[in-house]
Amino acid sequence: MTSTVPRTGRPRLARFVKTRYDKARERQVLLGPETVVVLNPTGADILALCDGRHSVAEIVDELGRRYDRVVDDEVEAFLAKLVARRWVEIDHD
Amino acid sequence: MTDGPLGLLAELTHACPLACSYCSNPLELTKRSEELETDDWRRVLDQAADLGVLQGHFSGGEPLLRRDVVDLVAHASGLGMYTNLVTSAIGLSRTRAEALREAGLDHVQVSIQADEPVLSDRLAGISSFQKKIEAARLVKELDWPLTLNVVLHRQNIDRIEAILGWVEDLGADRVELANTQYYGWALRNRSALLPSREQLAHAEQVTREWRERLRGRTEVIYVIPDYYAEYPKPCMGGWGARQLVVGPEGNAFPCLAAHELPLPRASVREHELAWIWESSPLFSAFRGTDWMPDPCASCDRREVDLGGCRCQAFQLTGDMGRTDPVCVLSPDRHLVDEAVAAANAPDAPSSPGRSAREPVLVPVPELVPRPHRAD
């Protein structure tokens with residue numbers, strides 16, 4: 001399934017989901033029911049901004065400042081995947 | 001260097017108020033007097049966290065029969081693990097549930113056996129259906145994610161639509177509809193438990209419809225019965241690859257059923273978990289693909305299904321090193337085909353039928369229950 005993530009929506013982690021740093025793997029990880037996702041640095045940065053305050057557009061801008069090149073679609077595709085699994089929820093104005 | 005395990009399944013006890021005929025516990029249940037002490041489990045959790053374990057699953061038997069379950073959940077939670085209680089829900093009182101919430105428990109999995117009390121209680125061997133429904137409601141009330149675990153078999157698979165009705169009513173976040181795996185108790189009861197092809201087709205159709213209906217609300221996981229598959233499952237994501245199990249007596253295993261295999265034991269009473277995971281003969285026995293015989297060794301799928309299940313190979317052929325007999329390429333596939341043929345024969349065991357949430361009048365045939373207790 002593909003879900004669309006509106007650029008004005010403000011994503012946040014679902015309340016059943018946690019992220020933390022895993023010393024053994026030297027990565028941020030996302031933990032949920034029967035779920036472990038070892039995040040790459042970009043994914044970890046995106047999720048850290050999923051705080052219910054930043055909009056998708058603002059997250060794209062922020063990532064653009066941190067990395068040479070961030071394609072909008074990649075951020076949105078990443079978030080859409082997490083929304084489909086119910087790990088991220090989107091607040092709408 | 002071996003990657004660390006992602007999850008630890010802590011089977012705290014084999015004691016259980018239920019007596020399900022497909023129980024995954026060993027035929028020889030560990031006595032309560034032989035169980036690990038609280039401090040042993042704390043040490044195991046510490047060592048597991050050091051190894052890289054991120055998920056702590058507390059199971060049994062019935063983990064709530066351990067008086068220290070709240071302490072152990074708190075300990076695992078303090079180590080940063082995502083903690084999960086796998087329970088029959090018998091003994092999940094409000095007081096206990098609130099203490100577990102306080103201890104940091106992240107997720108609760110409640111088993112249900114059927115859609116209505118008569119069949120459910122019959123399958124569980126104890127009056128329990130109503131308590132399970134109440135406990136599931138309590139889990140939601142306390143704002144936990146709720147998973148309902150349903151083991152499917154010939155005696156309840158026709159009720160799948162009504163079971164999914166409960167999933168919706170209770171607002172479960174996940175449901176695991178898992179066809180029985182035939183080890184131990186379930187293998188002993190296989191002829192009464194293995195569904196027919198027609199039953200499976202119905203269940204899969206209903207599951208497809210309900211997956212759409214529940215989309216965005218409930219994650220629906222359906223585990224096929226591998227006897228009806230062409231290729232084996234990549235059991236546990238590979239031997240000693242992702243998960244480890246520690247039993248009530250302290251023996252560690254790469255999977256739930258591996259206690260049945262003729263391999264040297266690896267006990268947390270005698271060894272560090274890191275040695276057990278990385279170096280013990282038990283965990284090294286079938287890691288990777290080097291151990292494989294043909295047809296696996298030369299097969300394109302060897303990295304896909306990893307030779308299937310060692311326990312199934314052992315239980316059906318007596319040789320744990322053979323290709324999983326479920327595989328159509330296995331020279332032993334006839335062993336599976338014979339069981340499937342019997343499940344589809346005119347004289348196959350009866351089943352209760354599809355009528356939803358109505359008492360079952362047909363007797364459940366010849367099931368051997370596991371004992372309630374392991375004293």
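The values are calculated or read from the model by the stated rules, or taken from the named source; none is laboratory data. Only a predicted model underlies this, so the values are computations on that prediction, with no experimental measurement involved. Note: ideal-geometry Cβ built from the backbone for every residue, glycine included; neighbour counts use all protein chains shown.
Where in the stretch A:17-93 are there strands (runs of 3 or more DSSP E), lying fully within it, with 3 or more residues that are among the hydrophobic types (A, V, I, L, M, F, W, C) and within 13 Å of chain B (Cβ to nearest Cβ)?
A:27-32, A:35-38
Among (1) in contact (Cβ under 8 Å) with a residue 40 or more places away in the chain; (2) part of a helix (DSSP H, G or I); (3) crowded, with 19+ Cβ neighbours inside 10 Å, where does B:V73 come up short?
Looking at each condition in turn, B:V73 falls short on (1).
Give the number of residues within the stretch B:53-91 that are farther than 21 Å from A:K23 by Cβ and out of contact with any strand residue (DSSP E or B) (no Cβ under 8 Å at 6 or more places or on another chain).
Here the count works out to 8.
If we keep just the residues of the stretch B:43-64 that are part of a loop (DSSP other than H, G, I, E, B) and within 14 Å of chain A (Cβ to nearest Cβ), which is farthest from B:L9 (Cα to Cα)?
Top of the filtered list is B:G52.
Please return the ranges of helices (runs of 4 or more DSSP H) entirely within the stretch B:129-230 where 2 or more residues are among the charged types (D, E, K, R).
Of the helices (runs of 4 or more DSSP H) lying wholly inside the stretch B:129-230, those with at least 2 residues that are among the charged types (D, E, K, R) span B:129-141, B:160-170, B:197-213.
Could you list all residues from the stretch B:168-195 that are out of contact with any helix residue (DSSP H, G or I) (no Cβ under 8 Å at 6 or more places or on another chain) and not polar (S, T, N, Q)?
B:D169, B:D173, B:R174, B:E176, B:A178, B:W185, B:R188, B:A192
Given the options B:E116, B:E161, name the one that is at pLDDT below 95, more than 20 Å from the chain's Cα centre (by Cα) and closer than 21 Å to B:V220 by Cα.
One residue alone meets the criteria, B:E116.
Mind listing just one residue for me: the one in the stretch B:1-42 that is within 30 Å of A:V29 (Cα to Cα) and part of a helix (DSSP H, G or I) and, of those, farthest from the chain's Cα centre (by Cα)?
B:D39
Using the structure shown, decide if B:R208 is within 14 Å of chain A (Cβ to nearest Cβ), out of contact with any His (no Cβ under 7 Å at 6 or more places or on another chain) and farther than 26 Å from B:P17 by Cα.
Yes; evaluated as a whole, the condition is true for this residue.
Check the stretch B:133-150 and report whether any residue there is β-branched (V, I, T), buried (at least 23 other Cβ atoms within 10 Å of the Cβ), under 22 Å from A:G32 (Cα atoms) and within 14 Å of chain A (Cβ to nearest Cβ).
Yes; the residues of the stretch B:133-150 include at least one that is β-branched (V, I, T), buried (at least 23 other Cβ atoms within 10 Å of the Cβ), under 22 Å from A:G32 (Cα atoms) and within 14 Å of chain A (Cβ to nearest Cβ).
Hey, which of the helices (runs of 4 or more DSSP H) in the stretch B:260-320, taking only ones fully inside, have at least 2 residues that are modelled with pLDDT under 95 and surrounded by fewer than 17 Cβ atoms within 10 Å (Cβ to Cβ)?
B:302-305
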